[in-house]
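These notes are about the structure you will find just below.
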Amino acid sequence: MDIRVQHPAFDVADEIARLHAADSGVGALVTFVGYVRDAHAGVGVQGMELEHYPGMTEKSLAAIVAEAEQRWHTLRISVIHRVGKLFPADPIVFVGVVSAHRADAFAACEFIMDYLKTQAPFWKKETTSNGERWVEARASDDEAARRW
């Protein structure tokens with residue numbers, strides 16, 4: 001389990017290589033990368049600031065990953081979430097899951113993202129063409145998490 005909350009950008013290719021690490025037992029590697037969009041709810045977005053509670057956030061992410069590891073047969077899982085000031089097209093989050101089989105890797109990756117969106121203590125404030133606004137939780141994210 002590799003959990004990181006950080007300001008700097010991550011390199012997706014480096015993270016994939018780190019997850020695979022020449023392990024001959026790897027049958028599948030599934031990743032998700034989330035980016036800052038240039039619009040949200042029909043309003044242009046110039047930037048986003050992500051805040052977190054250090055220590056509590058990492059503990060929350062570790063609990064989500066531990067639950068995924070209990071539910072599915074995984075070999076390695078990596079979650080990286082950025083904080084601080086970000087701009088459209090910047091990567092925000094990376095989730096990578098390595099497993100012997102694709103079904104476990106896909107399910108664990110999707111579960112982690114669904115729970116990260118609803119359970120992890122991050123606060124997002126967008127700078128838009130209409131001023132600043134805090135990003136509210138979406139009902140569709142809650143619905144996605146409930147299915148697990």
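The values are calculated or read from the model by the stated rules, or taken from the named source; none is laboratory data. Just so it is clear, the model here is predicted, and its values are computed rather than measured. Neighbour counts run over all protein chains shown; Cβ positions are idealised from the backbone, glycine included.
The residues of the range 48-78 that are touching a Leu at 6+ places or on another chain (Cβ under 7 Å) and of a type in the set (S, T, N, Q) amount to a single one, 78. Condition first: surrounded by 12 or more Cβ atoms within 10 Å (Cβ to Cβ) and among the hydroxyl-bearing types (Ser, Thr, Tyr). Can you find one or more residues in the range 91-99 that meet it? Yes, that holds for at least one residue. Residues that are of a type in the set (A, V, I, L, M, F, W, C), in contact with a helix residue (DSSP H, G or I) (Cβ under 7 Å, 6 or more places away or on another chain) and at pLDDT below 95 number at least 1 in none of the strands (runs of 3 or more DSSP E) confined to the range 2-116.
One residue stands out among those in the range 94-148 that are farther than 19 Å from residue 73 by Cα and of a type in the set (Ser, Thr, Tyr): the one that is farthest from the chain's Cα centre (by Cα), which is 129.
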